[in-house]
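Read-outs: derived from the displayed coordinates by stated rules, not from any lab. Not measured: the values here are computed from a predicted model. Because the Cβ atoms are built from the backbone with ideal geometry, glycine has one as well, and the counts that use them run over all protein chains shown.
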Amino acid sequence: MPRRRRHTVAAVISHGVAPFELAVGCEVFGIDRSELVDPWYRFLVCAVEPPPIRTSVGFTIDTPYGLEEVRRADTVIIPAWGATQGEVPADLIDALCTAHRRGARLISVCSGAFVLAATGLLDGRRATTHWMHTDLLAERHPLIDVDPRVLYVDEGDVMTSAGTAAGIDLCLHIVRLDHGAEVANAVARRMVVPPHRDGGQAQFVETPVAHAAGDDPLAATLGWMLEHLDRPMSVDDLAARSHMSPRHFARRFRAVTGTTPHQWLLSQRVLLASRLLETTDDSVELVAQRCGMGNSANLRVHFLRVVGTSPLAYRRTFRQEEAG
């Protein structure tokens, strides 16, 4: 039986490349795992500018490969780099489009999505990036359906992932597509990471708390709400506390927080539940009571909708990270 051709994976680097995101591709595709699948991937690090390439933390990387190898690759990885700051080089865009026309699969990690966006290949498709950059990506490229909730998006020939460790999720997904779940699980075990993570990146987002100015009558009410999330609250009661009519209170609340009292309260209760799940051993039932959700069933419904995973799965994830 003839030997199967090796699938070439090319990781593109430019000055300012983030070492961790590059290392994800090196770990998954660059280590010889021919005992699992023979042949394993052929992995190349390809420089946009003449090497050595300076990373975002100062050390340099040398490589004999450049954009010609990118044009001929089967899969191209674009790690996080300074793509949010400036223009993407025209020769890189040309190399990526050439590879794509040949049938290559293009994937990005974190802010590498901005490079893919510059090619136009994400227009009319779903895509994601690190939650800190999703608004900027959507603003710069309004034709892209930017999804800030997910760890990665698989559009077939073009795939994008969220920040840092989400690149691991996407790379393992690619191994699963190419070689099946058993091989992907074996690679995950060797990396000491889960082969699949529940939920999306919403569970990792730091949720800011909007505050009114100190002399705003709403300021004291917002502070009181945060201190008494376990209590039932109605718009009428909160309006009376703020010395406003319910209608004026609702308008003023939206002007300050950007949302309705109900949605703001729900978000703060889910945020409190997240902190309690991370830092205490309270049962899910007790957490639900402490954050004003009433019972565990109600908490599960809202937690899953906002965070994208269950309270127990969330607790397991962050307790494992703490133990690590």
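Figures for the structure shown
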{"read-out": "Residue of TRP264, TRP131, TRP81 that the Gaussian network model of the chain assigns the largest fluctuation, springs spanning Cα pairs under 10 Å", "value": "TRP264"}
{"read-out": "Magnitude of the charge dipole, segment 8-203, Cβ model with Lys/Arg +1 and Asp/Glu -1, debye to 20", "value": "160 debye"}
{"read-out": "Antiparallel %, DSSP beta bridges [both residues in segment 37-145], to 5", "value": "25 percent"}
{"read-out": "Gain on full stretching of the segment that runs from ASP32 to GLU155 - 0.36 nm per residue minus C-alpha separation", "value": "41.5 nm"}
{"read-out": "Average projection area in nm² (convex hull over Cα atoms of the chain, one quarter of hull surface)", "value": "20.1 nm²"}
{"read-out": "Least to most buried among THR128, THR55 (fewest other Cβ within 10 Å first)", "value": "THR55, THR128"}
{"read-out": "Kirkwood Rh, angstrom, segment 34-106 [1 / mean 1/r, Cα pairs]", "value": "13.7 Å"}
{"read-out": "Amide H contacts under 5 Å for SER108, placed H, 5+ residues apart", "value": "ILE78, MET159, THR160, SER161"}
{"read-out": "Highest to lowest packing among 40-47, 27-34, 164-171, scored as the average C-beta count within 10 Å", "value": "164-171, 40-47, 27-34"}
{"read-out": "Förster radius 41 Å - calculated FRET efficiency between GLU139 and ARG241, Cβ distance, rounded to 0.05", "value": "0.65"}
{"read-out": "The chain - mean residue ellipticity at 222 nm from DSSP helices (-39,500 (n - 2.57) per run, n ≥ 4, rounded to 500)", "value": "-13500 deg cm²/dmol"}
{"read-out": "Where labels lie 7 Å past Cα in the beta-carbon direction, separation of ASP91 and THR60 in nm", "value": "1.8 nm"}
{"read-out": "Efficiency of FRET between HIS248 and GLU278 - r from beta-carbon atoms, R0 41 angstrom, step 0.05", "value": "0.65"}
{"read-out": "Label-point separation in nm, ALA181 to ARG42, each point 7 Å along Cα→Cβ", "value": "3.2 nm"}
{"read-out": "Residue-by-residue Karplus 3J(HN,Hα) for segment 292-300, coefficients 6.51, -1.76, 1.60, Hz, glycine and proline x", "value": "x, 8, x, 8, 5, 5, 5, 4, 4"}
{"read-out": "Mean projected area in nm² (Cα convex hull; one quarter of hull surface) for segment 112-157", "value": "2.8 nm²"}
